[in-house]
1. Every residue in segment A:310-337 that is among the aliphatic types (A, V, I, L, M), within 18 Å of A:Ile24 (Cα to Cα) and surrounded by fewer than 19 Cβ atoms within 10 Å (Cβ to Cβ), please.
2. Within segment B:39-61, can you find the residues that are touching a helix residue (DSSP H, G or I) at 6+ places or on another chain (Cβ under 8 Å), within 14 Å of another protein chain (Cβ to nearest Cβ) and either among the hydrophobic types (A, V, I, L, M, F, W, C) or free of Cβ contacts under 8 Å to residues at least 60 places away in the same chain (or both)?
3. What's the number of the only condition in (1) in contact (Cβ under 8 Å) with a residue 24 or more places away in the chain; (2) within 14 Å of chain A (Cβ to nearest Cβ) that B:Ile329 fails to meet?
4. For segment B:147-168, give me each residue that is touching a residue at least 24 places away in the same chain (Cβ under 8 Å) and surrounded by 18 or more Cβ atoms within 10 Å (Cβ to Cβ).
5. Any chance segment B:195-202 includes a residue that's surrounded by 24 or more Cβ atoms within 10 Å (Cβ to Cβ) and within 26 Å of B:Gly154 (Cβ to Cβ)?
6. Being within 30 Å of B:Asn132 (Cα to Cα) and under 16 Å from the mean Cα position of the chain (by Cα), is that true of even one residue in segment A:287-301?
7. When you scan segment A:280-303, how many residues do you find that are over 11 Å from A:Val23 (Cα atoms) and touching a Lys or Arg at 6+ places or on another chain (Cβ under 8 Å)?
8. Which number in (1) more than 17 Å from the chain's Cα centre (by Cα); (2) within 14 Å of another protein chain (Cβ to nearest Cβ); (3) of a type in the set (D, E, K, R) marks the one condition that B:Arg217 misses?
Protein chains: 2
Amino acid sequence: MSNPVLVEVTRGNRVESRHRGAVIVVDGAGRTVFAVGDVDHATFPRSACKAMQALPLVESGAADAYGFGNRELALASSSHSGEPEHAALAAAMLKAAGRSEADLECGAHWSFEQKVLNNQARTLERPTALHNNCSGKHSGFICAVCHSGRDPKGYVAYEHPLQAEIRDVMADLTGSPLDRDNCGTDGCSIPTYAVPLKSLAHGFAKMTTGQGIGTERAKASRRIMEACMAEPFFVAGTDRACTRLMKVAPGRIFAKTGAEGVFCAAVPELGYAVALKCDDGATRAAESMVAGILARLLAEDADVSAQLLEMANHTMRNWNGMEVGRVEITDALFVPV
Amino acid sequence: MSNPVLVEVTRGNRVESRHRGAVIVVDGAGRTVFAVGDVDHATFPRSACKAMQALPLVESGAADAYGFGNRELALASSSHSGEPEHAALAAAMLKAAGRSEADLECGAHWSFEQKVLNNQARTLERPTALHNNCSGKHSGFICAVCHSGRDPKGYVAYEHPLQAEIRDVMADLTGSPLDRDNCGTDGCSIPTYAVPLKSLAHGFAKMTTGQGIGTERAKASRRIMEACMAEPFFVAGTDRACTRLMKVAPGRIFAKTGAEGVFCAAVPELGYAVALKCDDGATRAAESMVAGILARLLAEDADVSAQLLEMANHTMRNWNGMEVGRVEITDALFVPV
């Protein structure tokens, strides 16, 4: 019944903590390339599916109308750290649509990244909605809505036409129904829908390969994923996993994290996409899992694979810089298919 | 083989994440009152055993010589948030022994608590060792060593006489051997030793009841645990779980967290102690587990039990204050013995 242990955290010569999870790799036709754990289990993708949610921005023509390039599309697909560049670009996107921070319905929070938070504490009285890690996605939402001549007010609600449009897009990509029954509310107040990991991976494989989706959607999908790969800082931020993963092999790896231990990724040259979930929701484990599975997929490139394995298996140091333990993926991630 | 799911995190009408773990409650004689999961598994207690590590400070006579009261003993047993009161008291303890921050070997880090970190960022260029969550324990170590006329230099090392003394104390309490084989290095650079959860719980039950340990050790143990219960702010800090748990029923609950999902607790009036570990190391889950098991132990006091259950089972809200999910203990924590 339980998923296998995919990541172990060691201290001294002992395993201190264990993370279980499920991982699937599929191709554009939805064929399973690799799977471990219960990949049919319905999982909230959370922020891992932001590139899917950005499709209306491109497909509606809003991105072109407002002159958005790679950076704006990357930010629209991002969970950013709230660094000044992120907040400024979100503000500029809103301005292009004649809107402002006041239209954002994502709420405000301090950065999750300690260095960024330190800076924020020293320069801001409090964070605004522009600093919310989802402000790029929300700015993209508002742009898509405004370009279509609709009222952005309430754009986060299940009933708003934009969210209905996103449901249609995601149902097309994942092949899974999205409705009130599998709906939860995300941290930024928009709906999130639990779908099987396998469906989520298939959705990203379709976006990557263009298989099984219309020409326009395939084109928009490629544009968004290429934007993310071209501007990885705007998908996450300084020292963040998504940014680091995409910098390892520019243009060859797409990677996007989601809350509660979800990660989605794609390797365009192989036409494969990955979806995974750490059972307990741990980000550290999901990051090791995705780096490990990408290393496996790109094993033929020894240099890239080695860099990814260094991200998957890494040393933990204490406040004095002493090596105290390791985070390591288990052999379960390397079982032959 | 795998431990049961003890905490579930829900979103919408679905379980989003699951935390497995092991929990044991024992009495002063070492009899199991309740157990779930593999409680014989060797587990690093990390900071959950700080009250044990504070015994040399009291038993050596240092605490009396330096005029330490409840606050100092609570801080010596603490993982504090680095609030100004914590740092100031650690500095005062060191001063009492003619020492200073320069003697601390724990390293420095920014507070783990966002509100405290914000304050620190605004008032400090960088944190000092006094702000390290372990600075109270380390100050206690230095006081114990100095009072005995020994050199504190290198007091964090396995070979230092203080660490040998701590091994003796902990072996006496837990009945488990502590040596290089089960030794790891903790975040603050001192050794930590993996012992079965059952042994760890028995150690705290001995401290709570005085059973099976000498009169002097029993007296020192009671003094330390009573100090923690009397000054819960100095054991952790504002809004922290240990502090909140001990405030629910003053003098009736001892609780101490450890990194990687460990928690120890005691209920003196019952003569019981608790030790638990969340497999994946999640603090949120360990906090729910300990609150749940304490609610079970104190079930006869409806008011206290209800407050503890509110800590165990609580709502998660997003940045707009909307209820998005729950953290809840499972029935496995309430299986009849």
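The values are calculated or read from the model by the stated rules, or taken from the named source; none is laboratory data. Quick caveat: nothing in here was measured; it's all calculated off a predicted structure. Cβ coordinates were reconstructed from backbone atoms using ideal geometry, including for glycine residues, and neighbour counts include every protein chain displayed.
1. Passing the criteria: A:Ala332, A:Val335, A:Val337.
2. Result: B:Ala42, B:Ala48.
3. Looking at each condition in turn, B:Ile329 falls short on (2).
4. Listed by number, the residues that qualify are B:His147, B:Pro152, B:Tyr155, B:Val156, B:Leu162, B:Gln163, B:Glu165, B:Ile166.
5. yes
6. Yes: segment A:287-301 contains one or more residues that are within 30 Å of B:Asn132 (Cα to Cα) and under 16 Å from the mean Cα position of the chain (by Cα).
7. Looking only at that region, the number is 2.
8. (2) is the only condition that B:Arg217 fails.
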